[in-house]
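Participant: Mind looking over this structure? Questions follow.
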Amino acid sequence: MTDGRQADPGAYEEGDDEHALSRADFLKKGAASAVGLGMVPLVGGLGNAAASMLPEGVSEAEIRRGGTLRVGYVGGGTAETINPSVGVTPIDEGRIQAIFDPLVLLNADLSLSPGLALEWNPNKDATEYEVKLRPGVTFHNGKTFSAEDVIYSIHLMAKPTSAALPFVSGIKIRDLKAINKTTLRIPLKFPDANLAANFVYYNTWIVQKGEKNFSRPVGTGPFKFGSFTPGQQSVFKRNPHYWAHGGPYVDSLKIVSISDPSARLNALLSGQIDAMAQLSYAQAKAHQASHDINVLVSHAPQVLMFYMDTRKPPFNDNRVRLAMKLIADRPALIRDAISGFGTVGNDIVGKGLTFYDNSIPQHTRDIPRAKSLLKAAGREGLKVVLQTSDVIPGFVESATLLAQQATAAGVTIKLKQVPASSYFNPSLQYLKMPFAETQWPPSSLKFFYLQALAANAPFNETHWHSKSFNTLLFKAIGEPNHRKAQSYWNQVQRIQWSQGGYLSWTNADFVDALSKKVKGLKPSAAGILGNHRYQDAWLS
Amino acid sequence: MLAFVLRRLVGAAAALLAASVLIFTAVQVLPGNAASAVLGRNASPAAVGILSRQMGLDRPASTRYAHWLKGFVHGDLGDSAVAIAQGSNHAPIWHLISGPLKNSAILAAITALVMIPLSVALGTLAAVRAGRPTDHLISLGSLAAVSMPEFVVGSLLVAVFFVGLHLLPPVAIVPPGGDPLSHPKQLVLPVVTLLFASMAAGIRMVRAGTFEVLQTEYVQTARLNGLPERRVIMRYALRNALAPSVQVLAQNLQYLVGGVIVVEAVFAYPGIGSQLVNAVQIRDVTVVQSVAMLIAVVYVLINLVADLIVMLLVPKLREPV
C-alpha cells in the first residue's frame with residue numbers, strides 16, 4: 001500500500017496479489033475514518049487495486065453459477081433509458097450498472113476505490129489532473145478502452161440537457177487531452193482536491209466513443225446488452241471477459257418494469273421475479289416479521305428534509321429557522337412517517353460520506369427554547385404554509401406530523417399539497433416554495449453543496465446567498481491537505497447547522513426485497529438493491 | 001337502411017373529430033410541457049428551451065394539432081416525445097404500443113367472450129325465475145360485484161387464489177413480443193376481475209328486457225297455444241328482449257377498454273392501460289394523445305357496430321323514416 005494504509009490479508013481473494021482494502025476492514029475502523037481513507041488514496045498512486053472481490057465469508061466453492069436473475073423495478077414507461085447522461089431513475093441505474101463502468105467505484109460503505117481510472121494525480125494547486133486509466137479493459141465489441149472514450153463521455157455529460165452537468169461543470173471541457181491511450185489530462189476552472197468523487201454517480205459512467213442513440217449500447221461492464229423494451233423489460237447476458245474478479249455468476253439478467261408496488265411484491269412472492277426494488281415501509285415491516293423473503297435494508301445518506309427560504313419572511317430571521325429545527329421531534333417523525341426506516345438527521349447533509357462532521361451536537365426537540373426564539377423574533381403564534389407532495393414516500397406523512405408537533409410551540413402549519421409532477425420541476429413549482437420538503441441522494445458533500453448552497457447553485461432551495469460561506473466552501477473543495485480540508489468542511493457544516501434553511505430530519509434507509517435464493521447481494525449505502533451490483537449475485 | 005348507416009358514419013366521424021380537439025386541448029392544459037417533465041429537477045429554463053425546440057414544442061398549438069391529426073388519420077402516430085427527449089432519434093409510438101395493444105385486446109376479447117353469453121344466460125334465468133330465490137341470488141350477487149372497485153376485487157382474488165390457495169399467479173408478466181395466451185393461468189385472475197366489474201349491468205338489463213317481454217300478450221298467446229316454455233323463451237321472448245340489451249352490452253365492452261387500465265396495473269399486465277398510465281405520469285404528451293385517441297376510436301366503433309346489430313334485430317328501424 002503506497003500511502004501506509006493497512007490491508008486485511010484475510011480479505012484477499014485466493015491468488016490475488018493485488019492490493020485492496022476489504023469492506024470489513026473499513027467497517028472495523030468506524031465510518032468516519034473509513035470514509036476519510038477512502039477518499040485520499042485516489043489522489044496519487046493507488047496500484048492496481050481489485051475493484052470487485054468475493055462477498056465476505058464466501059468461498060468460490062459456495063457460489064453457484066448460471067441461471068437468470070430477474071429484478072423488478074418501478075417502471076418509467078418511454079422515459080426509461082440506457083443513456084447514462086440523461087435523467088435516470090433506479091431502473092435505469094440498474095441497466096447502467098449492468099452495461100457500463102464508472103471511473104471510480106462508490107463502495108457499500110461509501111468509500112471510493114478505482115474503477116476504470118486507477119490514479120488521480122493533481123498538480124500542486126489542484127487545478128489540473130493527470131488521470132491514469134485501467135489498462136487491458138475491453139468493450140463488449142472487443143474494442144480496447146482508452147482515454148478517448150473518457151473524453152467522449154465527458155463531452156456527453158457536459159451537454160446543456162445532460163443530468164451529469166453538475167459533475168463536470170468545473171472542467172474545462174475544450175482542453176481535455178488524451179496524453180496516451182491510458183492517460184488523460186483534465187484541466188479545471190477552480191481548484192478541486194477531490195475530482196475523483198465527481199465520477200461515481202450513474203450519470204457519469206463511461207460509454208464508448210461515438211455512442212449516439214444507445215439502441216444497442218456497448219460498454220465495459222459485467223453484462224452485455226441483449227434487448228430493451230422501455231416500460232416493459234430488458235435482458236442482459238453475462239460478460240465472460242469482465243475485468244473485475246469473480247462475477248458475474250448468473251448467465252443473464254432480466255430487468256422488469258412493474259410500477260404497482262403490490263404487484264411488484266406479489267411477483268416476488270410468487271417467484272416470477274427474484275428481487276424487487278423499493279419495498280414500501282409497511283410491507284417491509286410485515287415481511288421482516290414473516291421471514292418469507294429477505295428484506296434488504298441499507299443505511300444510506302439519502303436525506304429527507306424540510307427547507308425554508310432564508311430570504312423571505314418569516315424565515316429570513318434565523319431565530320425562526322432555528323425555532324423550526326427545535327420544534328421537530330425527529331425520532332417521532334422517523335417512527336411514524338417512515339416506519340422507523342431511517343436514522344436521525346442533524347440539519348446537515350451527507351452522513352457517512354467523507355468530510356461529514358460527526359462532532360456537531362444533535363438538534364433535538366426543545367419547545368421552551370423554540371418559543372423564546374419565536375418571541376424574540378416577534379413571531380409568537382406564527383402561521384406558515386408548508387407545501388408538500390406525494391412525490392417521495394414519507395413527505396406527506398412527515399409534513400402532517402410536523403404540523404401537529406408545531407402546535408406545542410404555538411405555531412400553525414397549514415399544509416398545501418402540490419402535484420408530484422410539479423414539485424421538483426423548476427419550470428413549475430420547484431425553487432418557488434418558501435417552505436417545502438426535499439430529498440437528496442448525495443454521493444459526496446461537494447456534490448450537494450455545489451448544487452444547493454454555492455453561489456449560482458442550480459437547486460438553491462433555501463435561497464442561501466453568502467459570499468463568505470461561498471469562499472469557505474471553495475477553500476474546502478480545493479484544499480489538498482485532508483486535515484485542513486476537514487477543518488474547512490467542518491466550518492461550512494457548522495454554518496449550515498446553526499443558520500441554514502434546512503431541517504434535515506432523517507437519513508432514510510433503502511428498503512428492497514430479495515427472494516431466499518438470491519445470494520451475494522449485500523446492503524449498500526451507495527444505492528438501492530445493493531447498488532444494483534448483480535455481478536456479485538448468484539442463485540442458490 | 002343505407003341512409004341510416006351513412007347517418008351513423010357521419011355522426012361517428014364528427015364525434016371523433018370533437019374527441020381529437022378535446023384530447024389535444026386537455027393535454028395542452030397539463031402544467032409544464034413534455035420537455036420540462038422529462039428534465040424534472042434539471043429543467044432549467046435553458047435546458048427546457050433546447051429540448052422544446054428539439055421536440056417541436058415551440059410551434060403554435062394549432063400547427064401541432066393539424067400535424068398530429070393528419071398523421072393519425074394516415075396511421076402515423078408520430079414519435080414518443082419523451083423517448084426523443086431522452087436521446088432516441090427514432091421512437092415510433094405505434095412500435096411502442098402495438099404489443100401492449102394486442103395484449104389488451106386479448107384480455108378484453110376473452111372477457112367479452114365469457115361475459116356476453118354469461119350475462120344473457122344469467123339475465124334470462126333471473127327473468128324466468130323472477131321473484132324466486134334464483135332471481136334474488138343473481139340480482140344481489142351482480143349488484144354486490146359491481147359495487148366493488150376493480151382493485152378491491154383484484155386484491156381479494158389474489159388474496160384467495162394466490163396467498164390462500166396458491167392456485168394462480170398474482171401477476172401476469174408477459175415478455176415483450178410474447179403471447180399472453182401461452183401462459184393461460186396468468187390470465188385467469190385479470191379476466192375474472194374484469195367480469196366481476198362489468199357483468200352486472202348486462203345481467204340486469206337482460207333480466208328487465210326479458211321480464212317485460214314475458215308479460216306481453218304475444219308470449220301469453222304462445223304459451224296458451226301450448227308451445228313448450230323453452231321454445232317460447234328462445235324463439236319469441238329473447239330476440240325481442242335482446243335489442244335494448246345490445247346497447248348495454250356494447251357499453252360493457254366500452255367499459256372493458258377503460259377497466260383494463262386499472263386491472264392491468266393491479267396485475268402488472270403489459271397492456272395499453274399500463275402504457276397510458278405510464279405516459280401520463282411522465283407526461284409523454286404524444287403517447288397520451290395517441291392512445292387516448294385510439295381508445296376513442298374503439299369506443300365509437302363499438303357504438304357503431306351495436307347500432308347496426310340493433311337495426312338487424314328490430315326490423316322497424318330498417319324502414320325509412
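Participant: Choose one of B:3, B:286, B:258: the residue whose Cα lies farthest towards the positive end of the charge dipole of chain B (beta-carbon charges +1 Lys, Arg; -1 Asp, Glu; about the Cα centre).
Facilitator: Towards the positive end, the residue furthest out is B:3.
Participant: Just read off the accessible area of residue B:313 with the full protein assembly in place, 1.4 Å probe, to the nearest 10 Å².
Facilitator: 40 Å²
Participant: Can you pull a Stokes-Einstein diffusion coefficient for the protein assembly as shown at 37 °C (0.692 mPa s), Rh from Kirkwood over Cα pairs, as a whole number of µm²/s?
Facilitator: Working: Rh = 30.1 Å.
Here the translational diffusion coefficient equals 109 µm²/s.
Participant: Peptide B:147-160: average number of partner chain Cβ atoms within 10 Å per residue?
Facilitator: Details: counts 0, 0, 0, 0, 2, 0, 0, 2, 2, 0, 0, 5, 0, 0.
Mean number of neighbouring Cβ atoms from other chains: 1.
Participant: Taking a probe of 1.4 Å, how large is the accessible area per residue of segment A:464-540, in Å²?
Facilitator: Details: 2700 Å² over 77 residues.
Value for segment A:464-540: 35 Å² per residue.
Participant: Only Lys, Arg, Asp and Glu count, each charged at its Cβ (+1, +1, -1, -1), so figure out the dipole size of the protein assembly as shown about its Cα centre, rounded to 20 debye.
Facilitator: Working: 77 positive and 58 negative charges, 328 e Å.
With Lys and Arg at +1 and Asp and Glu at -1, about 1580 debye.
Participant: Evaluate peptide B:165-173: per residue, the Cβ atoms of other protein chains within 10 Å of its Cβ; return the mean as an integer.
Facilitator: Numbers: counts 0, 1, 0, 1, 5, 9, 15, 3, 13.
Across the residues of B:165-173, the mean count of other-chain Cβ atoms within 10 Å is 5.
Participant: Taking the dipole about the Cα centre of segment A:303-508, with the C-beta of Lys and Arg at +1 and of Asp and Glu at -1, give me whichever of A:433, A:453, A:487 is farthest to the positive side.
Facilitator: A:487
Participant: What is the distance in Å between the Cα centres of segment B:116-191 and segment A:158-193?
Facilitator: Their Cα centres are 60 Å away from one another.
Participant: Name the residues of segment A:148-182 whose accessible area falls by at least 50 Å² when all protein chains are present instead of the chain alone, probe 1.4 Å?
Facilitator: Residues losing area: A:161.
Participant: Filter A:446/A:484; A:159/A:237; B:102/B:185; A:351/A:446 down to the pairs with a C-alpha to C-alpha distance above 24 Å, please.
Facilitator: Pairs exceeding the cut-off: A:159/A:237.
Participant: Accessible area, 1.4 Å probe, largest first: how do A:70, A:365, A:64 sort?
Facilitator: Numbers: A:70 55, A:365 95, A:64 125 Å².
If we order A:70, A:365, A:64 from most to least accessible, we get A:64, A:365, A:70.
Participant: So which of A:189/A:467; A:312/A:416; A:416/A:475; A:224/A:285; A:432/A:467 end up more than 30 Å apart by C-alpha?
Facilitator: Working: A:189/A:467 19 Å; A:312/A:416 18 Å; A:416/A:475 40 Å; A:224/A:285 36 Å; A:432/A:467 22 Å.
Flagged as over cut-off: A:416/A:475; A:224/A:285.
Participant: Which loop trypsin sites (Lys or Arg not before Pro) in segment A:415-457, with loop taken from DSSP, have no more than 12 other Cβ atoms within 10 angstrom of their Cβ?
Facilitator: On the way: sites: A:416, A:432, A:446; in loops: A:432.
Taking segment A:415-457 and a limit of 12 other Cβ atoms within 10 Å, the loop trypsin sites (Lys or Arg not before Pro) found are A:432.
Participant: At q = 0.15, 0.16, 0.17 Å⁻¹, work out log10 I(q)/I(0) for segment B:2-92 with the Debye formula, treating every Cα as an identical point scatterer and leaving solvent out; two decimals please.
Facilitator: The computed values of log10 I(q)/I(0) come out as -0.67, -0.74, -0.81.
Participant: Note the buried accessible area between A and B here, summed over both chains, with a 1.4 Å probe, in Å² to the nearest 100.
Facilitator: Values: alone 21230 and 17280 Å², together 35470 Å².
That pair hides around 3000 Å² of surface in total.
Participant: Among B:298, B:118, A:534, pick out the residue whose Cα is farthest towards the positive end of the charge dipole of the protein assembly as shown, where Lys and Arg carry +1 and Asp and Glu carry -1 on C-beta, about the Cα centre.
Facilitator: Highest projection toward the positive end goes to B:298.
Participant: Output the antiparallel fraction of DSSP beta bridges having both residues in chain A, as a percent to the nearest 5.
Facilitator: Values: 54 of 70 bridges.
Percent antiparallel among DSSP bridges in chain A is about 75.
Participant: Can you tell me, using C-alpha contacts under 8 Å and at least 6 residues apart, the relative contact order of segment A:303-508 as a whole percent?
Facilitator: On the way: 373 pairs, mean separation 75.9, N = 206.
That works out to 37 percent.
Participant: Then there's this: Once you average over the residues of A:79-87, how many Cβ atoms of partner chains fall within 10 Å of each Cβ? Write out the running numbers ahead of the final one.
Facilitator: Numbers: counts 15, 5, 7, 2, 3, 0, 1, 6, 8.
Partner-chain Cβ atoms within 10 Å, mean over residues of A:79-87: 5.
Participant: So, one more: Dipole size in debye (nearest 20) for segment B:94-318 around its Cα centre, Lys and Arg Cβ +1, Asp and Glu Cβ -1?
Facilitator: Details: 14 positive and 9 negative charges, 141 e Å.
In debye, rounded to 20, segment B:94-318 gives about 680.
Participant: Where does segment B:94-318 land on Rg(C-alpha)/(2.2 N^0.38 Å)? Working shown, then result.
Facilitator: On the way: Rg = 20.0 Å, N = 225, 2.2 N^0.38 = 17.2 Å.
The reported ratio for this selection is 1.16.
Participant: As a check on your grasp of the helix formula, calculate [θ] at 222 nm for chain A: sum -39500 (n - 2.57) over DSSP H runs of n ≥ 4, divide by the residue count, round to the nearest 500.
Facilitator: Working: 16 runs with 145 residues, N = 540.
Counting only the DSSP helices, I get -7500 deg cm²/dmol.
Participant: Turning to a different aspect of this structure: Given an 8 Å cut-off on Cα distances and at least 6 residues of separation, report the relative contact order of chain A as a percent.
Facilitator: Details: 1204 pairs, mean separation 106.4, N = 540.
Once divided by the residue count of chain A, the mean separation gives 20 percent.
Participant: If the only charges are +1 at each Lys and Arg Cβ and -1 at each Asp and Glu Cβ, what is the size of the charge dipole of segment B:2-92 around the Cα centre, to the nearest 20 debye?
Facilitator: Details: 7 positive and 3 negative charges, 41 e Å.
So the magnitude is around 200 debye.
Participant: Where only protein heavy atoms count, and the probe is 1.4 Å, what is the accessible area per residue for segment B:2-92 in Å²?
Facilitator: On the way: 4820 Å² over 91 residues.
Accessible area per residue, segment B:2-92: 53 Å².
The values are calculated or read from the model by the stated rules, or taken from the named source; none is laboratory data. No experiment lies behind these values; they were computed from the predicted model shown. Counting neighbours? That spans all protein chains shown, and the Cβs are built from the backbone with ideal geometry, glycine included. For accessibility, only protein heavy atoms count, side chains too; no ligands or nucleic acids. Shrake-Rupley method; radii C 1.70, N 1.55, O 1.52, S 1.80 Å.
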